[in-house]
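Right, one structure below, let's go through it.
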Amino acid sequence: MPSVDAKPGNFTFDLDKTALIVIDMQRDFLMPGGFGESLGNDVSQLRRTIEPLAALIAAWRSQGLPIIHTREGHKPDLSDCPPAKLNRGAPSQRIGDPGAFGRILIQGEYGHDIIDELQPVGDEVVIDKPGKGAFYATDLSEILEKSGVTSLIVTGVTTEVCVHTTVREANDRGYECLVLADCVGSYFPEFQQVGLQMIAAQGGIFGWVAESPAVISAIQE
Ligand code: TIU
């Protein structure tokens, strides 16, 4: 079985029971002028994940292993967006407002979709989620159970928001999670650092942390 040098110790996984999850690599979060930037954020902090993630996805795909992409967003009528989420944060542009890439975080809009570099291919699953976590109000649990997946390699943005929420949800559901430091990004460098420490602390309270080249070598051995 592949084994990866990780914190707090080696992460060993069965290729038949492991999925790569790519969280919210959407134009609205990553492109200048999008929703993320309207919240006052520096998108370059997220964009450094694109290159390592593209290499990891290519390697994972070449082994025929499952990839699950997620997108955070809402129906055009906003019926799945609680007022607390809509009204909070005072961004210059709110969810559903017209933005540089269509209505912000609305399903079907250009900005809601995944960046060109990391577009899903073939039968890769795309989970549309209204919350930060990928399990809440989605069929992710059923999809994983049906395919016998018990371990997740977790990537995407942002580290302390949608990645953390998903890892915490997965942890409570019994999944082993390996988070890849170079393939997750936060708008805030200090949150990136502490967010990763919080996962692996206390003997791996939520999971493991490693770097993507270690996973690429492990699956190619
Ligand atoms: N704002 C922020 O850091 N993140 C989000 O709103 N969503 C995700 O993390 N995907």
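Mind checking the per residue accessible area of the chain for me, 1.4 Å probe, whole number of Å²?
On a per-residue basis, the chain sits at 44 Å².
Looking at the chain as a GNM with Cα springs under 10 Å, which of V154, V179, V121 has the largest mean-square fluctuation?
Looking only at V154, V179, V121, the biggest GNM fluctuation is shown by V121.
Using a Gaussian network for the chain with springs between C-alpha atoms less than 10 Å apart, which of these wobbles most: P83, P189, P120?
Among P83, P189, P120, the largest GNM mean-square fluctuation belongs to P83.
Mean-square fluctuation check for the chain, GNM, Cα pairs under 10 Å: which of G102, G40, G204 is largest?
Answer for the Gaussian network model of the chain: G40.
Compute the whole-percent fraction of alpha carbon pairs in segment 94-221 spaced more than 18 Å apart.
More than 18 Å apart: 61 percent of the Cα pairs in segment 94-221.
In Å and whole numbers, how far do the C-alpha atoms of the chain stretch along each principal axis, longest first?
So the three principal-axis extents are 48, 36, 30 Å.
Which far-off residues, 5 or more places away or on another chain, put their amide H under 5 Å from the one on H74, with H placed in the peptide plane?
Those lying under 5 Å, H to H, from H74 are I106, Q107.
What's the FRET efficiency of Q63 with Q202 using the Cβ-Cβ distance as r and R₀ = 35 Å, to the nearest 0.05?
It comes to 0.60.
Between R173 and Q193, what length in nm is gained on full extension when 0.36 nm per residue of separation is reduced by their alpha carbon distance?
That pair, R173 and Q193, stretches by 4.7 nm at full extension.
Express the carbon and sulfur contribution to the solvent-accessible surface of the chain as a percent, rounded to the nearest whole number, probe 1.4 angstrom.
Roughly 52 percent, rounded to a whole number.
Extending each Cα 7 Å along its Cβ direction at E142 and A54, get the distance between those two points in nm, one decimal.
Distance between label points: 3.5 nm.
The values are calculated or read from the model by the stated rules, or taken from the named source; none is laboratory data. A quick note: this is a predicted structure, and the numbers were derived from the prediction, not measured. Please note: Cβ atoms are built from the backbone with ideal geometry, for glycine as well, and neighbour counts cover all protein chains shown. Please note that ligands, DNA and RNA were not included when accessible areas were found on the heavy atoms of the full protein model with its side chains. Shrake-Rupley method; radii C 1.70, N 1.55, O 1.52, S 1.80 Å.
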